[in-house]
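Colleague: Please read through the structure below; I'll follow up with questions.
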Amino acid sequence: MRVLGIETSCDETGVAIYDGDAGLLAHEVHSQVDLHAAYGGVVPELASRDHIRRLTPMIRLVMDRAATAPADIHGVAYTAGPGLVGALLVGAGLGRSLAWGWGVPAIGVHHMEGHLLAPLLEEPAPAFPFVALLVSGGHTQLVHVAQIGHYRLLGESVDDAAGEAFDKTAKILGLPYPGGPALAKLAEQGQPGRYRFPRPMTDRPGLDFSFSGLKTFALNTVRDELARRPDTEQAKADIARAFEDAVVETLAIKCRRAVEAAGSDRLVLAGGVSANRRLRARVDEMMAARGGRAFYPRPALCTDNGAMIAFAGHERLAAGLAEPLAFTAMPRWPLEGLPALEKG
Ligand code: KG4
Ligand code: ZN
């Protein structure tokens, strides 16, 4: 079965074609970073308009690259939520219309399920069951994954998501949007151990996270240290490093607890923040020490993309799930409410 996947939940337009036998045939992502940079964050209306402009030519391009004609497509998957409702409706509207025009089924995919399953596009793919850490701009969740659709939430952030904390701290450091990658780059120049940020909520049992205090800590440190130190650029890099170390260590501590509690030797990292090199290295080390291993997708499949939506949609369509012609987009959508696939 060959599926066209469309992602338009936020500020990336993603299109891909996934084939159940041949794997990922082609995928393309257009980032709207330049469009939103001047505003310091995503402007929803501009995002929706840009998705409208990009989507049709990108679908043509990806179909060409995958040597795929409409008649070769057996289903269409689009992100139905969570995300910005106007942006979601662009992908949902076009995805459903194409499916109707081509006479094939369509399915609305949960964006976080897409992230969660992205590591299954890689070799070796993690076997079920596993524990997953979903770390994106909007979510920080630990999930026990028994099968596709069998998701049990183990813990989540009570305030800011990890990516949000990266973005806000980057802003405090005067870095351009989107802050996560820029902060990680600056941290490379930082002297480790020069500052020590707290590891929130690690001093008590439980698998929940809280990252909003780190941004306040960063704000205070920046204010005090930039007034005190003449080497401003180095001071910023040292602060970036201390912030990154705190987030990475906090995530690693909670991941260790989660795999211990689940008795699992497989940990999956997914979502934009899982592109972070230091997080990957730390989690690799932690899982290796336990005799297990960590799985994460290539960086291009950590951040938003169409491949993960094509894949997640393929799994559900291949299991016979599809949606009626009326469609909705869900700005909020609990992952645990998804129908489970009975297989394997
Ligand atoms: O999954 P994603 O592309 O979009 C959402 O679904 O939110 O995640 C975007 C988030 C942003 O907060 C971005 O700053 C963060 O992932 N991010 C990173 C890195 N690359 C992206 N954070 C830290 N280090 C990175 N290398
Ligand atoms: Zn995402």
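The values are calculated or read from the model by the stated rules, or taken from the named source; none is laboratory data. None of these values were measured; they are calculated from a predicted model. Positions of Cβ are generated from backbone atoms using ideal geometry, with glycine treated the same way; all protein chains shown enter the neighbour counts. Ligands, DNA and RNA are excluded from the accessible area calculation, which covers all protein heavy atoms including side chains. Shrake-Rupley method; radii C 1.70, N 1.55, O 1.52, S 1.80 Å.
Colleague: Using 0.36 nm per residue of separation minus the Cα-Cα distance, give me the extension gain between Lys343 and Asp72 in nm, one decimal. Numbers along the way, then the final one.
Modeller: Values: separation 271, 0.36 × 271 = 97.56 nm, distance 2.57 nm.
Going from the current span to full extension adds 95.0 nm.
Colleague: Rounded to the nearest 10 degrees, what's the angle between the helix 85-102 long axis and the longest principal axis of the chain, both from Cα atoms, 0 to 90?
Modeller: 20 degrees
Colleague: With springs only between Cα atoms under 10 Å apart, run a GNM on the chain and tell me which of Glu45, Glu233, Glu123 wobbles the most.
Modeller: Its mean-square fluctuation being the largest, the pick is Glu123.
Colleague: Right, here's the next one. With the other protein chains left in place, how much accessible area per residue, in square angstrom, belongs to the chain at a 1.4 angstrom probe?
Modeller: Heavy-atom accessible area per residue stands at 41 Å².
Colleague: Cut-off 10 angstrom, C-alpha nodes, Gaussian network model of the chain. Which of Ala307, Ala16, Ala218 fluctuates the most?
Modeller: Ala218
Colleague: Averaging the inverse of every distinct alpha carbon separation and then flipping it gives the Kirkwood radius. What is it for segment 128-296, in angstrom units?
Modeller: Evaluated over segment 128-296, this radius sits at 16.1 Å.
Colleague: Among DSSP bridges having both ends in the chain, what percentage is antiparallel? Round to the nearest 5.
Modeller: 60 percent
Colleague: For the chain, modelled as a GNM with alpha-carbon contacts under 10 angstrom, which of Ala300, Ala77, Ala118 fluctuates the most?
Modeller: Comparing Ala300, Ala77, Ala118 in a Gaussian network model of the chain, the most mobile one is Ala300.
Colleague: Let me ask something else about it. When only Cα pairs under 8 Å and 6 or more residues apart are kept, what is the percent relative contact order across the chain?
Modeller: Once normalised by length, the contact order is 25 percent.
Colleague: A further question follows. Whenever you get a sec, compute what percent of the accessible area on segment 128-296 sits on carbon and sulfur atoms (1.4 Å probe).
Modeller: Carbon and sulfur: 51 percent of the exposed surface of segment 128-296.
Colleague: At most 12 other C-beta atoms within 10 Å and a DSSP loop state: those are the exposed trypsin sites (Lys or Arg not before Pro) I care about. Give me the longest piece of the chain that has none.
Modeller: Looking at the chain, 1-195 is the longest stretch - no exposed trypsin sites (Lys or Arg not before Pro) with at most 12 other Cβ atoms within 10 Å.
Colleague: Next question, about the same structure. Across 10 Å bins from the origin, how do the percents of Cα pairs in the chain run, short distances first?
Modeller: The calculated distribution, bin by bin, is 6, 26, 32, 23, 10, 2, 0.
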